[in-house]
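Participant: Could you have a look at this structure, given as structure tokens, before my questions?
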Amino acid sequence: MKYQKTLGPIQGMAMTVTTFVGTGLMLLPALSVTQSGAFSFYAWLITACISLPIAFVFAFLGSRFPSAGGASHYIGKQFGETAERAVGWLFLSILLVGPTVAIKIAAAYLAVALNLDEHYIFALSIATLLIMTLYALAGAENSSKAQVYIVVMLILCVISLAWKGNLSAATASIETPHDWVSWKTTLLSIGSIFWCFLGLEVMAHLGAEFKNPARDFPIALFGGMAIVVLLYLIVVLLVSYHHTYGDDLTNSQSLALLVGHLFGENSKRFFAGAAFIIAFTNVGMYLIGFARMVQTLAAKGALPSTFAPLSKKGSPTRAVILVSLVSLLSLLTFHYTDGAMSMLIEMTNGAFILIYGLTSITGLHLLKGKYRLFAVLACVSCLLIASFMGTNLLFALGAFLFAILFEHYKDRKRRIHAPKIHVQ
């Protein structure tokens, strides 16, 4: 199947912005200021520069070797089918940590909208997950148009905050790192900030859809990511200047608190309600995507066949229930162990950076000429980002090792039970 070459640079920029702007805008700026203080501005610029080569590798691979399989397909071409299937499991392992972050963000904003204190957030998280499960069981998948409206709404909100929040005065809060201690503080938040750029693998599917990829794609990618970084930097400056950051709860509600500080209590609650809807939509799509992945793996025999059937509406009902139960277990675990949001984010980022690193290594072999230089830079970028995650990277490494061993076990068992052909 050939991709439709319909994208120009403007459409490409819009799709890039849509990919990277979402619930992260409601948490990451405040979290980065908490971790890096006045140096967080530079932490965002550094993370964006580090992430660009990875995005280009996916884009080049996507334009030269288009495949719906994306990262797992490219890794399979280089490392074999066992590695390809293990990457599928690694994507699935993100279910243990990723949705919990987004659900907790949604619940935190719902608490603001309902004027409830932090003691209700856990109950609201469970209620949010239950509603999302019903939403997913109904087979209600959101169109790309809905996602565009969400992004436009967030952009207009940021512009309003910049106008009302005295952005020019907020720039005075920027401090430039000048010694090793300040640089160390600056780099502290990179492991968390990278959450903003999850979705780089989507670039693999965009590259082949441009009318003139060589000319239009770099414009779309640079332009789109520049807009994304600009939006986040504005929020970083405003959150820092107006002091709407601090502990996990404050960071989770930072945008609503900023709106309340600048526009008043009624505006805060209205925005928090809208933010909940945005987060709910994003997480709902997240859970449906995981359910589809479970259903696909079950249909291929990698998971029990009980999760393979689809409902009359085409919804993977049993897979949705499994995904919801795993998310519930994750919520309960991190609530009762008092897990920090930054830890959950970096564990999720660790799984993605491992996938991106394997894809970048694949790019060293599949890309030729000047394009191979981007693969080299991407490998270096992945190593740098991984180094800032510390022990949280162990989650991804453990999940991938388990997946490799499990797939080797299945292959060995398959060979043992395969019918033997006797040649006479």
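The values are calculated or read from the model by the stated rules, or taken from the named source; none is laboratory data. These figures come from a predicted structure and were not determined experimentally. Note that we place each Cβ from the backbone using ideal geometry, even for glycine, and neighbour counts take in every protein chain shown. We work out accessible area using only protein heavy atoms, side chains counted, and drop any ligands, DNA or RNA first. Shrake-Rupley method; radii C 1.70, N 1.55, O 1.52, S 1.80 Å.
Participant: Which of the residues belonging to the stretch 303-328 are in contact (Cβ under 8 Å) with a residue 24 or more places away in the chain and open to solvent by 20 Å² or more (accessible area, probe 1.4 Å)? Give the steps one after another, and end with the answer.
Facilitator: Of the residues in the stretch 303-328, the ones in contact (Cβ under 8 Å) with a residue 24 or more places away in the chain are 311, 313-317, 319-324, 326-328.
Answer for the stretch 303-328, where residues must be in contact (Cβ under 8 Å) with a residue 24 or more places away in the chain and open to solvent by 20 Å² or more (accessible area, probe 1.4 Å): SER311, LYS313, GLY314, THR317, ILE321, LEU322, VAL326, LEU328.
Participant: Count, please, the residues in the stretch 235-252 that happen to be open to solvent by less than 30 Å² (accessible area, probe 1.4 Å) and either aliphatic (A, V, I, L, M) or touching an Asp or Glu at 6+ places or on another chain (Cβ under 9 Å) (or both).
Facilitator: Counting residues in the stretch 235-252 that are open to solvent by less than 30 Å² (accessible area, probe 1.4 Å) and either aliphatic (A, V, I, L, M) or touching an Asp or Glu at 6+ places or on another chain (Cβ under 9 Å) (or both) gives 5.
Participant: So in the stretch 236-275, with the set limited to residues that are within 24 Å of ALA43 (Cβ to Cβ) and assigned to a loop (DSSP other than H, G, I, E, B), which one is nearest to the chain's Cα centre (by Cα)?
Facilitator: The extreme case among them is GLN253.
Participant: I've got another one for you. Do you know which residues across the stretch 159-195 are open to solvent by 20 Å² or more (accessible area, probe 1.4 Å), farther than 18 Å from VAL239 by Cβ and outside any helix (DSSP H, G or I)?
Facilitator: THR176, HIS178, ASP179, listed by residue number.
Here is a yes/no grid of residues against (1) open to solvent by less than 30 Å² (accessible area, probe 1.4 Å); (2) without any contact (Cβ under 8 Å) to a residue 40 or more places away in the chain:
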residue	(1), (2)
PHE263	no, no
ILE277	no, yes
VAL283	yes, no
THR333	no, yes
MET341	yes, no
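Participant: Whether any residue in the stretch 90-99 is at pLDDT 85 or above, open to solvent by less than 50 Å² (accessible area, probe 1.4 Å), more than 30 Å from MET13 (Cα to Cα) and assigned to a helix (DSSP H, G or I) is what I want to check.
Facilitator: Yes.
Participant: Can I ask one more? Among the residues of the stretch 366-376, which ones are assigned to a helix (DSSP H, G or I) and either among the charged types (D, E, K, R) or surrounded by fewer than 17 Cβ atoms within 10 Å (Cβ to Cβ) (or both)?
Facilitator: LYS370, ARG372, LEU373, VAL376
Participant: Which is in contact with a Gly (Cβ under 6 Å, 6 or more places away or on another chain) and of a type outside the set (A, V, I, L, M, F, W, C), of LYS370, LYS313? Explain how you work it out, then say what you get.
Facilitator: Working: LYS370 fails: in contact with a Gly (Cβ under 6 Å, 6 or more places away or on another chain).
None of the other options fit; the residue is LYS313.
Participant: I would also like to ask the following. Among the candidates GLY357, GLY390, GLY350, GLY363, which residue alone is out of contact with any Asp or Glu (no Cβ under 8 Å at 6 or more places or on another chain), surrounded by fewer than 22 Cβ atoms within 10 Å (Cβ to Cβ) and either more than 15 Å from SER51 (Cα to Cα) or modelled with pLDDT of 90 or more (or both)? Working first, answer last.
Facilitator: Numbers: GLY390 fails: out of contact with any Asp or Glu (no Cβ under 8 Å at 6 or more places or on another chain); GLY350 fails: surrounded by fewer than 22 Cβ atoms within 10 Å (Cβ to Cβ); GLY363 fails: surrounded by fewer than 22 Cβ atoms within 10 Å (Cβ to Cβ).
After applying the criteria, what remains is GLY357.
Participant: Check ALA107, ALA86, ALA102, ALA113 and return the single one that is farther than 24 Å from LEU200 by Cβ and crowded, with 23+ Cβ neighbours inside 10 Å.
Facilitator: Matching residue, one of ALA107, ALA86, ALA102, ALA113: ALA107.
Participant: Pick from THR244, THR250: which is within 25 Å of LEU167 (Cβ to Cβ), in contact with a His (Cβ under 7 Å, 6 or more places away or on another chain) and of a type in the set (S, T, N, Q)? Before the answer, list the steps.
Facilitator: Values: THR250 fails: in contact with a His (Cβ under 7 Å, 6 or more places away or on another chain).
Only one candidate passes the filter, namely THR244.
Participant: Here's a follow-up. Among the residues of the stretch 61-74, are any surrounded by fewer than 23 Cβ atoms within 10 Å (Cβ to Cβ), at pLDDT 90 or above and assigned to a helix (DSSP H, G or I)?
Facilitator: No, the conditions are met nowhere in the stretch 61-74.
Participant: Looking at the stretch 276-320 only, could you name the residues that are in a loop (DSSP other than H, G, I, E, B), closer than 19 Å to ALA138 by Cβ and small (Gly, Ala, Ser)? Don't jump to the end; show me each part of the working.
Facilitator: Initial filter on the stretch 276-320 (in a loop (DSSP other than H, G, I, E, B)): 300-304, 308-316.
Checking the rest, the ones that are also closer than 19 Å to ALA138 by Cβ come to 309-316.
Within the stretch 276-320, SER311, GLY314, SER315 meet the criteria.
Participant: Something else: Run ALA299 past the list (1) over 21 Å from the mean Cα position of the chain (by Cα); (2) surrounded by 15 or more Cβ atoms within 10 Å (Cβ to Cβ); (3) touching a residue at least 12 places away in the same chain (Cβ under 8 Å) and report the number of the one that doesn't hold.
Facilitator: (3)
Participant: Check PHE222 against each of (1) within 20 Å of ALA108 (Cβ to Cβ); (2) surrounded by fewer than 20 Cβ atoms within 10 Å (Cβ to Cβ) and name the one condition it does not meet.
Facilitator: Single failed check for PHE222: (1).
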